[in-house]
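Engineer: Take a look at the following structure, please.
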Amino acid sequence: MTGDYPYFPYLALYIVSATLWSSDTMGATHWILNERDGVVRASSEGDILKSDPVLSILTKTNSPKTGNGRKTKCDQCNKSRSQGLSPVVGAVGPTSLDLFPAPQLTCGPSINETFYDHLEGIANREYHPTFMEPDVEMLFKKSEMEDFDLGLIESNLRRAIEESPNSVVICNHIGNFWRIRGSTYHSIECFRKVLHFSPNDADALLNLAKVLFNLNYIQDAVYLARRSLEMQPSEHNCWLQHFTLGEILRANGDLEEAGIHFRHVLDLNPSFELAQLHLREIGSPSTSTTNTYTFLIIGLLVVVVLATVYFMTLTSEGRGTKSTRMQLWVEGKRPRRRPIT
């Protein structure tokens with residue numbers, strides 16, 4: 001066939017070339033990648049986005065997600081970044097990272113991600129103020145009368161972390177050391193490292209809950225404290241988990257549940273006076289409405305059972321009397337035998 005039309009292949013090639021030449025050649029040039037922001041931008045103004053739906057999708061900006069997919073409060077994060085604010089009342093000024101930029105004692109390089117990074121208090125860790133916890137010294141003492149040398153503790157921890165850089169126990173200790181010094185950022189980083197290697201570590205969860213509670217991240221603290229209580233091994237005493245959770249719930253206004261945890265503390269550690277003080281201050285919710293209804297229901301059940309037993313006894317006695325009367329009546333109707341003569 002091509003022999004009859006020798007110019008047909010050239011004509012077909014010309015048509016295809018003309019089609020390609022007349023098509024829109026902006027397919028690879030009407031968008032650019034903004035490396036600084038990490039997003040796709042249109043290279044020029046106009047109706048490009050309307051004519052190219054794929055580019056419209058690429059250039060849309062979405063709220064970032066963290067951890068398990070929970071969205072962060074970007075407005076508050078941006079405000080914290082710009083002004084150095086924190087939920088702590090009156091916390092305006094330099095952050096703990098500003099005051100302790102490059103300490104000699106750390107838990108090593110920062111961990112990229114943990115299971116708990118979606119919590120707001122952890123996501124904003126770089127912008128938290130300092131918060132000193134002198135009571136944490138008791139974790140490093142064998143007795144209350146023992147002298148506490150913070151410099152000696154620091155040197156011992158530095159030597160220990162060099163020997164075992166991924167030890168969860170040592171990282172927990174370093175995190176508590178920074179709680180004493182007041183660096184919330186470095187303490188959170190140490191507890192994050194522990195939870196990276198051991199996501200269910202009850203001690204790290206409890207320590208982190210306490211740090212975020214002091215920074216007024218109440219919901220995060222409640223979540224971590226409950227998690228710590230769930231993960232505490234059954235053979236270990238969990239009175240400290242109950243006490244910490246009771247303190248957080250009381251600050252959140254949940255006095256009834258807080259009272260339950262404080263009573264658990266006294267069951268496990270009867271000599272702990274702070275739990276007794278909390279119970280006195282919140283009015284000891286042992287006489288709560290729930291308990292009142294419980295006792296009322298139990299009392300009603302007891303009355304119903306006693307009444308049922310009483311009526312069953314009367315019924316059985318009535319049946320016994322009736323059967324006795326019937327037996328006497330039958331014996332009275334029975335013909336008497338005549339004596340044999």
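None of the figures in this text is laboratory data; all of them are computed from the coordinates on show. Worth saying up front: this structure is predicted, and the values here are computed from it rather than measured. Please note: Cβ atoms are built from the backbone with ideal geometry, for glycine as well, and neighbour counts cover all protein chains shown.
Engineer: Report, to two decimal places, the Cα Rg of the stretch 83-227 normalised by 2.2 N^0.38 Å (N = number of residues).
Structural biologist: Normalised Cα radius of gyration, the stretch 83-227: 0.99.
Engineer: How much FRET efficiency would the formula 1/(1 + (r/R0)^6) give for N216 and T315, where r is the Cβ-Cβ distance and R0 is 51 Å, rounded to 0.05?
Structural biologist: Step by step, r from the Cβ atoms, then E = 0.15.
Engineer: What is the extension gain from N252 to E113, computed as 0.36 nm multiplied by their sequence separation minus the C-alpha to C-alpha distance, in nm to one decimal?
Structural biologist: Working: separation 139, 0.36 × 139 = 50.04 nm, distance 2.87 nm.
Gain on extension, N252 to E113, equals 47.2 nm.
Engineer: May I pose another question? Count the net charge of all other residues whose Cβ sits under 13 Å from the Cβ of P165, scoring Lys and Arg as +1 and Asp and Glu as -1.
Structural biologist: Details: positive: R158, R159, K193; negative: E162, E163.
With Lys, Arg at +1 and Asp, Glu at -1, the net is +1.
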